[in-house]
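This report concerns only the one structure given below.
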Amino acid sequence: MVVKPDRHSDEKLIVFDVGGVFIELNVEKRRAALEAGGLWSSTAVPSADLLQLNMQFRLGQISEDDYLKRASLLYGLTTEQIIEAETALLAGVFTGMVDYAQQLKSTHRVVCLSNTQAIHWRHIIEEMTSEDLFDACYLSHEMGMEKPADDIYLAVQQREAVSPEQIIFIDDTLENIETARRLGWHSIHHVDAAKTIAAIDAALAHPPTSGTS
């Protein structure tokens, strides 16, 4: 349960994506680890069962145990190997972005909005960074929604008790940025730390009514 903050109408809410912004992702390493079971290939047409399984886990519709059991059968791997493959995706921390977010948090409310799942999120907060980096964490597997659908953006906006004009949103996926822009959030497409930090600083110094960077 997120308690709505007491915020003045001109205060800004900074909403960060996590993967690709704070956490370096190595998709190829995960793929190689999953292919080792011999039952799945990243070059094959994705099976409906696998697509559904991943979606259900991202949305918190199935437990971690259920995911591991079903994934083990689909990939031909042990549950331990599945966990190793999933965490292999999480290659490192972009410390410059972490340091900047910590500085921002001293003067602004900073939250995250992430499409994730239980294995990834646990590894991120226990091994790579901390939930303390954010004032609140809005996660697909806890909310039962995910970007780029409108509902998860609107839920964050409602729970934070802000207007679209108060939000600065940062994400590395253009599709997610496009939804946020359409909803009136000032949105910054993350490409690298230096450009993102400069864009956030500019938005805070000269607040736009809505739009893009």
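The values are calculated or read from the model by the stated rules, or taken from the named source; none is laboratory data. Nothing here was measured: the structure is a model prediction, and the numbers come from that model. Heads up, the Cβs are rebuilt from the backbone with ideal geometry, glycines too, and the neighbour counts pull from every protein chain shown. For the accessible areas, the whole protein counts, side chains as well, though only heavy atoms, and no ligand, DNA or RNA atoms are used. Shrake-Rupley method; radii C 1.70, N 1.55, O 1.52, S 1.80 Å.
Build a GNM of the chain with springs between Cα atoms under 10 Å apart, and of 47, 187, 163 the one that fluctuates most is 47.
Bridges between two residues of the chain, per DSSP, are antiparallel at a rate of about 15%. Within the chain, the selection of entire DSSP H helices by a Cα span of 30 Å or greater along the long axis and an average Kyte-Doolittle value of at least -0.5 returns an empty list. Working note: 222 nm ellipticity from helices only, DSSP H runs with n ≥ 4, each -39,500 (n - 2.57), summed and divided by the residues of the chain, gives -13000 deg cm²/dmol to the nearest 500. Ignoring ligands, DNA and RNA, please state the percent of accessible area on segment 14-65 from carbon and sulfur, probe 1.4 Å. Its accessible area is 51 percent carbon and sulfur atoms. Approximating the spin labels as points 7 Å out from Cα along Cα→Cβ, the residue 99-to-residue 198 distance works out to 1.8 nm. Just checking the listed ones, 174, 39, 59: in the Gaussian network model of the chain with Cα springs under 10 Å, the one fluctuating most is 39.
Model label sites at residue 74 and residue 149, defined 7 Å from Cα along the beta-carbon direction, differ in position by 1.8 nm. A simple count of charges around residue 184, restricted to other residues whose Cβ falls under 15 Å of its Cβ and scoring Lys, Arg +1 and Asp, Glu -1, yields -1. Quick one: pull the percent of accessible area on segment 112-213 belonging to carbon and sulfur, 1.4 Å probe, ligands and nucleic acids left out. C and S fraction of accessible area: 49 percent.
For residue 69, no lysines have a Cα closer than 21 Å to its Cα, not counting residues fewer than 8 places off in the same chain.
Probing with 1.4 Å while keeping every protein chain in the model, the per residue accessible area of the chain equals 49 Å². Stretching residue 127 away from residue 32 to a fully extended chain increases their span by 32.0 nm, per 0.36 nm per residue minus the current alpha-carbon distance.
From largest to smallest, the equivalent ellipsoid semi-axes obtained for segment 100-202 from the alpha-carbon gyration tensor read 19, 18, 14 Å. Can you tell me the FRET efficiency between residue 106 and residue 52 if r is taken as the Cβ-Cβ distance and R0 is 45 Å, rounded to the nearest 0.05? The calculated FRET efficiency here is 0.60. Taking Cβ atoms as reference points and 13 Å as the exclusive limit, the residues near residue 105 contribute a net charge of -2, counting Lys and Arg as +1 and Asp and Glu as -1. Here the contact order of the chain, divided by its residue count and restricted to Cα pairs under 8 Å and six or more residues apart, works out to 26 percent.
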